[in-house]
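Down below is the structure, laid out as structure tokens.
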Amino acid sequence: MVALKPRFAGVPVVIPAQPALPAHLVDPKAKTRSRLHYQMAQLQAARMGPGRWPVMLDPDGFLTEGPGWNIFLVKHGTLLTPEPRNILLGVSRATIMELAGELGIPVRETNLGRYEALQADEVFCTATTFCLVHAASFEGRPVGDGQPGPLFRRLAQAWQQKVGVDFVAQAHAYAQRLEAWLRAQL
């Protein structure tokens, strides 16, 4: 397994104006990407700046999920994730929670707001398409030093070992191919 590159840029996570739909309107556990509110959140995040990743709030002002991904915060060595009432219970989210248990990392499902995210030691996102990626910033403020944190690194290495695939190396190789392809299009 290749170690995580120390200067990976991470993603900038923001809270758009678009809220998550309340569970009494659309069950968040139904995995569907045809929801207009996801697209609205993405468009609003894009207006905040290029490459922004939107995480929506529920009607009570608590973090829920992004369009197709779940969020985790780390504070004082504990992994925190939104309680399950208003989110998709993603397979990747469950994988992270399982790996954390195997590594002895405490996990807590709880209500998390903007303040908790701004005070977090680490923030990262999970989804089947990318496994996990760290947030370099939240609402324009750096998360830690902007680099992958120690819990993120442990979980990424455990995931890679579990599946036998170095998804970090794959992502870097894809990014290089994409850059070359984009240059060729000019």
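The values are calculated or read from the model by the stated rules, or taken from the named source; none is laboratory data. Note that the structure is a prediction, hence the values are computed from the model and not measured. Glycine gets a Cβ as well: all are built from the backbone with ideal geometry, and neighbour counts include every protein chain shown.
A quick yes/no check of all residues on (1) within 19 Å of VAL107 (Cβ to Cβ); (2) over 16 Å from the mean Cα position of the chain (by Cα); (3) assigned to a loop (DSSP other than H, G, I, E, B); (4) among the charged types (D, E, K, R):
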site: ARG153; (1), (2), (3), (4): yes, no, no, yes
site: VAL168; (1), (2), (3), (4): no, no, no, no
site: ALA171; (1), (2), (3), (4): no, no, no, no
site: GLN176; (1), (2), (3), (4): no, yes, no, no
site: ALA180; (1), (2), (3), (4): no, yes, no, no
site: ALA184; (1), (2), (3), (4): no, yes, no, no
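Within region 66-74, is there a residue that is surrounded by 23 or more Cβ atoms within 10 Å (Cβ to Cβ), in contact with a strand residue (DSSP E or B) (Cβ under 6 Å, 6 or more places away or on another chain), polar (S, T, N, Q) and part of a strand (DSSP E or B)? Yes, some residue in region 66-74 is surrounded by 23 or more Cβ atoms within 10 Å (Cβ to Cβ), in contact with a strand residue (DSSP E or B) (Cβ under 6 Å, 6 or more places away or on another chain), polar (S, T, N, Q) and part of a strand (DSSP E or B).
Give ALA23, ALA9 a once-over and let me know the one that is modelled with pLDDT of 70 or more and over 30 Å from ARG154 (Cβ atoms). Just one listed residue meets the conditions, ALA23. Is there a residue in region 158-175 that is under 16 Å from GLY66 (Cβ atoms), touching a residue at least 12 places away in the same chain (Cβ under 8 Å) and surrounded by 13 or more Cβ atoms within 10 Å (Cβ to Cβ)? For region 158-175, residues under 16 Å from GLY66 (Cβ atoms), touching a residue at least 12 places away in the same chain (Cβ under 8 Å) and surrounded by 13 or more Cβ atoms within 10 Å (Cβ to Cβ): absent.
Here's the yes/no breakdown for (1) in contact (Cβ under 8 Å) with a residue 60 or more places away in the chain; (2) farther than 26 Å from ARG153 by Cα; (3) over 15 Å from the mean Cα position of the chain (by Cα):
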| site | (1), (2), (3) |
| --- | --- |
| MET40 | no, yes, yes |
| LEU43 | no, yes, yes |
| GLY49 | no, yes, yes |
| THR64 | no, no, no |
| PRO67 | no, no, no |
| ASN70 | no, no, no |
| GLY77 | yes, no, yes |
| THR81 | no, no, no |
| LEU99 | yes, no, yes |
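Of the residues making up region 99-122, none is part of a loop (DSSP other than H, G, I, E, B), modelled with pLDDT under 95, in contact with an Asp or Glu (Cβ under 9 Å, 6 or more places away or on another chain) and surrounded by 13 or more Cβ atoms within 10 Å (Cβ to Cβ).
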